[in-house]
1. Which angle between 0 and 90 degrees, to the nearest 10, do you get for helix 296-307 versus the longest principal axis of the chain when only C-alpha atoms count?
2. Spin-label point model (7 Å from Cα, Cβ direction): what's the Glu86 to Gln169 distance in nm?
3. What is the magnitude of the charge dipole of the chain about its Cα centre, with +1 placed on the Cβ of each Lys and Arg, -1 on the Cβ of each Asp and Glu, and no other charges, expressed in debye to the nearest 20?
4. Treating the chain as a set of equal point scatterers at the Cα positions, no solvent, please give the Debye-formula log₁₀ I(q)/I(0) at q = 0.12, 0.15 Å⁻¹.
5. Would you work out the charge dipole size for the range 191-330 about its Cα centre, treating the Cβ of every Lys and Arg as +1 and the Cβ of every Asp and Glu as -1, and quote it to the nearest 20 debye?
6. Among the DSSP beta bridges whose two residues both lie in the range 193-330, what percent are antiparallel, rounded to the nearest 5?
7. Kindly provide the Kirkwood hydrodynamic radius of the range 216-269 in Å, to one decimal, from all pairs of distinct alpha carbon atoms.
8. Cα axis of helix 311-328 to longest principal axis of the chain: angle in degrees, 0 to 90, nearest 10?
Amino acid sequence: MGYWEKRQQQLITAMEKDEAQLNRRLTETYEIEADRLEKHIAAYYMKYGKDEVIEYRDLLKALTPEEYSLLMRDMDEFAELYPQYEHLIPARKSAYIINRLEGLQISVRMQQLKIGALEQQEVENHLNKIAERSYDAVLEKTGPVGEINPNIVKSVVNTNWTGKGTFSQSIWGNTQKLSNMMNTSISSAIARGDNYDSIVRKLRKEFMVGKKEAYRLIYTEGTFVMNEASAQAIEKMFDYYSVEPIRDGKACERCLSIESDTASKPVRYSDRVAGLNFPPFHPWCRCSTIIVIPDKQEWIERYVMTHGGDPQISNEQKEKARQLIKDFVA
């Protein structure tokens, strides 16, 4: 087993360890916020309900000035803490036209924005760490063919490789989607006359949908960032790769088929397209790549022409080229 094969295994192991820690932190956040939401709804039922049911017409009454002030304070605190997301705050209305139901829905929206801001920071830090580690893993052996350039890391982490948005856009899209779903559930449940226990069970279930979406994003984006950051450094030295599915007996038919295709016809790094011939190929994908050199002698000669000079240096470069092949090619 060469350097790169071992190093890739180490990269995956380190990434999965970081993922587990991040998932634990996010799980704790979701549990705390779910409990907080339950208490908030419980307060509404205690204040406006009777026999654990709220009359819909009672929630169409305007907020009191005190209730309105508390809601505005919550929005101001978010804007102060996260000014970059101030534009996501619901448009403010006059106290005389915000009713109790709207106030509850705005509170739910603000809670989801707070979770989204936390996810944004946590996931961005996580992906930056993966990108730096993966890029550096190549430079450890190839030498200073590049540097851990913040611009490279940023471009990898913020790539819209799915064509549906960057990881950040996905987080805020999921935040909006979950917020809308929960607010629709609240409105419908109260209109039906559902009791407190019923609405809380449904909302907690929907809350966990958000957590699952966060896990999926972390896992799949991590796979892309690890492979793309490595490729950004590798392509400075090598030309071709084939796909390597995860060897745990769980690789899907699609990934195994792509492995077979790229093994018989290696892909140029310059032609890689994530989701098509470069991993990940689907949500929860953990494929990686293997460097391929179709003609090793030709590659050695090209390496020497690029890095060599006089005969003595050329001999040294030939030996270095052979060692790089041993290190990186399976």
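All of the numbers you see were taken from the coordinates with simple rules; none came from a lab. What you see is a predicted model; the values in this text were computed from it and never measured. All Cβ positions, even for glycine, are placed from backbone atoms using ideal geometry, and neighbour counts span all protein chains on display.
1. 90
2. With each label placed 7 Å out from Cα toward Cβ, I get 2.5 nm.
3. Working: 45 positive and 49 negative charges, 124 e Å.
Taking the Cα centre of the chain as origin, the dipole is about 600 debye.
4. Here log10 of I(q) over I(0) equals -0.87, -1.15.
5. Working: 22 positive and 21 negative charges, 163 e Å.
Around 780 debye, computed over the range 191-330.
6. Numbers: 7 of 9 bridges.
Close to 80 percent.
7. Numbers: mean 1/r = 0.0809 Å⁻¹.
The Cα-based Kirkwood calculation yields 12.4 Å.
8. 40
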